[in-house]
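Student: This is the structure I want to talk about, given as structure tokens.
The values are calculated or read from the model by the stated rules, or taken from the named source; none is laboratory data. All figures in this text were calculated on a predicted structure; none of them were measured in a lab. As a convention, Cβ positions derive from the backbone with ideal geometry for all residues, glycine included, and neighbour counts pool all protein chains shown. Accessible surface areas use protein heavy atoms only, side chains included; no ligands, DNA or RNA. Shrake-Rupley method; radii C 1.70, N 1.55, O 1.52, S 1.80 Å.
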Amino acid sequence: MTTQESSTVEDRPATATTFESLNPANGDVVDVHPVHTAEEVEAAVARAHEEAAWWSALSYDQRHELLTAWKGVMTRRLAQLAEVMHQETGKPHGDAMLEAALAIDHLSWAGGHAEKVLKRRKVPSGLLMANQAASVEYRPLGVVGVIGPWNYPVFTPMGSIAYALAAGNAVVFKPSEYTPGVGVWLARTFLETVGRPVFSVVTGLGETGAALCRAGVDKLAFTGSTETGKRVMAACAETLTPVVIEAGGKDALIVDSDADIDAAADAALWGACGNAGQTCTGVERVYVHERVYDEFLASLTTKARGIRADGMAGAQLGPITMPKQLDVIRSHIADALDRGGRAIVGGLESVGDRYVQPTILVDVPEDSLAVQEETFGPTMTVAKVRDMDEAITLTNGTRYGLGSTVFSKARGMEIAERIRSGMTAINGVITFAGVPALPFGGVGDSGFGRIHGPDGLREFTYPKAIARQRFKPLMPLTSFRRTEKHEQQLASMMTMLHGRGTTIPKP
Ligand code: NDP
């Protein structure tokens with residue numbers, strides 16, 4: 001089958017098996033999609049290689065123009081896209097609009113900055129190689145495979161898709177089985193605008209994603225859980241295919257004694273409960289200076305009582321998109337309570353069949369599941385700390401290192417710089433994700449590689465270095481004509497250039 005066919009539900013081949021995309025708020029079938037086989041994924045990638053040849057031969061300006069046209073279509077149909085997102089994830093329409101708007105802003109930045117970041121530029125050649133003109137440019141890799149999650153089905157994969165396309169690659173995208181319609185919508189509007197399936201989609205379950213890893217892509221950008229990320233890496237290792245891994249997190253929010261407490265409580269609540277807590281950079285732990293702990297907790301508790309998840313008009317939180325996550329959330333709360341923790345808002349009874357109400361846990365031991373493992377629900381632990389040193393030590397005390405937040409008037413930068421995470425927001429929450437020039441990604445079990453910003457563009461390229469001789473060298477160092485005299489001259493030159501360091505006295 002062709003890639004073009006793979007982007008439409010109606011055109012699915014009669015031989016393909018199918019799967020349903022469901023509305024998590026009520027279980028209704030949103031749509032039916034093909035489960036693409038390994039052969040079909042290979043065909044999609046082969047077609048993408050042809051498209052990559054065409055796309056990479058365009059100038060930066062031409063690609064920018066086409067990406068701008070796509071951006072325009074997405075923007076004009078924002079409400080339509082948000083509706084597909086709402087149907088498939090259950091997230092409130094307004095949240096879906098915000099997510100898609102941020103993705104469009106990134107697409108704009110990537111298209112507009114690709115030339116400046118990636119085009120050939122001169123670099124100093126150094127005294128030893130003064131006869132060389134040295135330069136480097138960043139060239140597209142070819143075809144980038146993108147595997148995405150369901151929680152931010154537009155913003156997250158577009159962090160790879162937009163930057164890979166702007167850098168001159170073709171893209172084959174495998175969306176989560178919970179949000180295939182969003183992926184199909186993106187590929188369909190791209191095809192409509194650009195006229196060629198430089199960006200295409202394959203749908204299916206985990207096996208389709210595994211097939212994409214083995215289908216001949218030149219790089220695989222994965223966003224999802226740490227465990228699946230390891231499987232993706234293992235599959236890609238078979239063919240030495242490089243990977244970007246954007247995995248899970250256990251982000252902390254720190255509140256210093258001089259912080260704006262109302263703003264910190266507001267940020268903690270939105271960071272923990274926004275998108276029903278299903279945010280990779282969501283707030284899952286809060287560490288508060290003992291001097292403001294009671295005040296913070298009182299403010300947070302009052303605000304949390306005004307938030308609900310029930311599918312009725314005015315509810316701020318949608319359902320839990322992936323039903324099996326309900327068991328994880330329940331087990332984390334149960335473990336915290338069993339081990340001496342207390343729920344001051346919500347609790348075990350907050351976990352329903354589809355919805356989870358906000359839950360705030362205190363006195364939870366630091367080695368419990370709710371503090372160490374990704375919960376991915378509208379829950380948070382709040383702990384009192386004696387000072388910021390303790391807050392930083394505890395913040396750095398998990399295997400994850402994705403994002404983090406600091407509320408402090410005087411010491412925000414100082415605290416942020418000591419946190420082991422890929423990104424930190426000061427006196428705001430998750431703000432780094434909306435700044436297109438900032439790289440997005442984690443350390444440790446949160447993965448590696450970067451999307452967004454200049455780093456995100458370079459991630460989908462390889463550097464091509466060229467040294468061009470401008471005039472003959474004074475000494476033939478890289479030739480068998482080199483003599484002992486030349487070597488002595490080299491030694492003298494090295495002494496002059498690098499021999500001046502003083503000897504460090506022995507302790
Ligand atoms: P999963 O790891 O379950 O799935 C992610 C994607 O991988 C899905 O498309 C999935 O397909 C696919 N997949 C599953 N098995 C395989 C396999 N063997 N080989 C290749 N692909 C496979 O994650 P979720 O979709 O549940 O997403 C939630 C996770 O994503 C959380 O941990 C969250 O923190 C993380 N995340 C990280 C972000 C970041 O930027 N660091 C951003 C957003 C989310 P299918 O759905 O069909 O099983």
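Student: With a 1.4 Å probe and all protein chains kept in place, how much accessible area does Glu42 have, in Å² rounded to the nearest 10?
Tutor: Near enough 100 Å² of accessible area.
Student: Quick check: at a probe of 1.4 Å, how many percent of the accessible area of the chain sits on carbon and sulfur atoms?
Tutor: Carbon-and-sulfur percentage of accessible area, whole number: 54.
Student: Which value, to two decimals, describes the C-alpha radius of gyration of the range 214-295 once divided by 2.2 N^0.38 Å?
Tutor: 1.59
Student: Order Leu78, Leu186 by their accessible area, 1.4 angstrom probe, all chains in place, largest first.
Tutor: Ranking Leu78, Leu186 by accessible area, largest first, yields Leu78, Leu186.
Student: D for the range 85-148, whole µm²/s, Stokes-Einstein with Kirkwood Rh over alpha-carbon pairs at 37 °C and 0.692 mPa s: what number?
Tutor: For these conditions, the coefficient is 206 µm²/s.
Student: Whole-Hz ³J(HN,Hα) for each residue in the range 204-216, computed from phi via Karplus 6.51 cos²θ - 1.76 cosθ + 1.60 with θ = phi - 60°, x for glycine and proline: what do you get?
Tutor: Each residue of the range 204-216 in turn: x, 9, x, 4, 5, x, 4, 5, 4, 4, 9, 8, x Hz.
Student: Treating cross-link reach as a plain straight distance, find the lysines whose alpha-carbon is under 18 Å from the alpha-carbon of Lys122, omitting any fewer than eight places away in the same chain.
Tutor: Result set, ordered by chain and number: Lys464.
Student: Assigning unit charges at the beta carbon (Lys, Arg +1; Asp, Glu -1) and nothing else, what dipole magnitude in debye, to the nearest 20, does the chain show about its Cα centre?
Tutor: Dipole about the Cα centre, nearest 20: 2720 debye.
Student: Taking DSSP loops as anything outside H, G, I, E and B, show the longest stretch in the chain free of chymotrypsin sites (Phe, Trp or Tyr not before Pro) there with at most 12 other beta carbons within 10 Å.
Tutor: Formally, the longest exposed-site-free interval is 1-470.
Student: Report, by chain and number, residues whose modeled amide H sits under 5 Å from the one on Val286, excluding near sequence neighbours (fewer than 5 apart, same chain).
Tutor: Leu253, Thr381, Val382, Ala383
Student: Pop out the ³J(HN,Hα) list for the range 56-63 in order, Karplus 6.51 cos²θ - 1.76 cosθ + 1.60 with θ = phi - 60°, rounded to Hz; leave Gly and Pro as x.
Tutor: Values per residue, Gly and Pro as x: 6, 7, 6, 7, 4, 4, 5, 5 Hz.
Student: I would also like to ask the following. Using only the C-alpha atoms of the chain, find the volume of their convex hull and express it per residue in Å³.
Tutor: Per-residue hull volume (Cα only) is 190 Å³.
Student: How are the C-alpha pair distances of the range 394-455 spread across 5 Å bins, as whole percents from the shortest bin up?
Tutor: 4, 20, 26, 26, 17, 6, 1
Student: Sort Asp310, Asp262 from largest to smallest accessible area, using a 1.4 Å probe on the heavy atoms of the protein chains.
Tutor: Putting Asp310, Asp262 in descending order of accessible area: Asp262, Asp310.
Student: A follow-up question, please. What's the percent breakdown of Cα-Cα distances in the range 322-454 across 10 Å bins, shortest bin first?
Tutor: In order of increasing distance, the bins hold 12, 35, 36, 16, 1 percent.
Student: Something else now. Between Gln132 and Met496, how many nm apart are label points set 7 Å from Cα along the C-beta direction?
Tutor: For Gln132 paired with Met496, the spin-label model returns 2.0 nm.
Student: Any number yet on Rg/Rh for the range 406-507, C-alpha, Kirkwood?
Tutor: My calculation of the ratio gives 1.25.
Student: For Arg418, enumerate residues with amide H under 5 Å from its amide H, sequence gap 5+ or separate chain, H modeled in the peptide plane.
Tutor: Close amide H contacts, sequence-distant or interchain: none at all.
Student: List the pairs from Lys174/Lys219; Lys119/Lys472; Lys91/Lys324; Lys230/Lys250; Lys174/Lys250 whose alpha-carbon separation is above 22 Å, in the order I gave them.
Tutor: Distance filter (> 22 Å) returns Lys119/Lys472; Lys174/Lys250.
Student: Given the range 62-213, report the % of alpha carbon pairs whose separation exceeds 29 Å.
Tutor: In whole percent, the long-distance tail amounts to 24.
Student: Between Leu348 and Glu390, what length comes free when the chain is fully extended (0.36 nm per residue of separation minus the Cα-Cα distance, one decimal in nm)?
Tutor: Full extension of this stretch gives 12.2 nm more.
Student: Further question: Answer with one residue from Cys273, Ala343, Gln62: the one whose Cα lies farthest towards the positive end of the charge dipole of the chain, charges on Cβ with Lys, Arg +1 and Asp, Glu -1.
Tutor: Gln62
Student: If you don't mind, there's one more thing I want to ask. What are the semi-axes of the equivalent ellipsoid for the range 240-377, taken as the square roots of 5 times the Cα gyration tensor eigenvalues, largest first, in whole Å?
Tutor: 23, 19, 16
Student: Would you pull out the residues with amide H under 5 Å of Asn427's amide H, same chain only if 5 or more places away, H placed 1.01 Å from N?
Tutor: Val406, Phe407, Ser408
Student: Further question: Label-point separation (nm) for Ile466 and Met312, each offset 7 Å from Cα along Cα-to-Cβ?
Tutor: Inter-label distance under the simple model: 6.8 nm.
Student: Quick one: dipole size for the range 100-154, taken about the Cα centre, charges +1 on Lys/Arg Cβ and -1 on Asp/Glu Cβ, in debye to the nearest 20.
Tutor: Using only the charged Cβ atoms, the result is roughly 280 debye.
Student: How large is the dipole of the range 35-132 about the Cα centre if only Lys and Arg carry +1 and Asp and Glu carry -1, each at its Cβ, rounded to the nearest 20 debye?
Tutor: Once rounded to the nearest 20, the dipole reads 700 debye.
Student: Might you tell me the accessible area per residue for the range 349-428, computed with a 1.4 Å probe and given in Å²?
Tutor: Value returned for the range 349-428: 40 Å² of accessible area per residue.
Student: Taking the Cα centroid of the range 384-432 and of the range 470-504, what is the distance between the two, rounded to the nearest whole Å?
Tutor: First find each Cα centre; the distance between them is then 49 Å.
Student: Between the range 312-354 and the range 239-294, what's the alpha-carbon centroid distance in Å?
Tutor: Using only Cα atoms to place each centre, the spacing works out to 17 Å.
Student: Here is a follow-up. Which ³J(HN,Hα) values in Hz, rounded to whole numbers, follow from the phi angles of the range 167-176 under the Karplus curve 6.51 cos²θ - 1.76 cosθ + 1.60, where θ = phi - 60° and Gly and Pro get x?
Tutor: So the Karplus estimates, Gly and Pro as x, are 7, x, 9, 8, 9, 10, 10, 10, x, 4 Hz.
Student: What whole number of Å gives the distance from the Cα centroid of the range 182-205 to the Cα centroid of the range 163-179?
Tutor: With the range 163-179 and the range 182-205 each reduced to a Cα centre, they are spaced 9 Å.
Student: Ignoring ligands, DNA and RNA, how do Glu51, Glu366, Glu487 rank by accessible area with a 1.4 Å probe, largest first?
Tutor: Ranking Glu51, Glu366, Glu487 by accessible area, largest first, yields Glu487, Glu366, Glu51.
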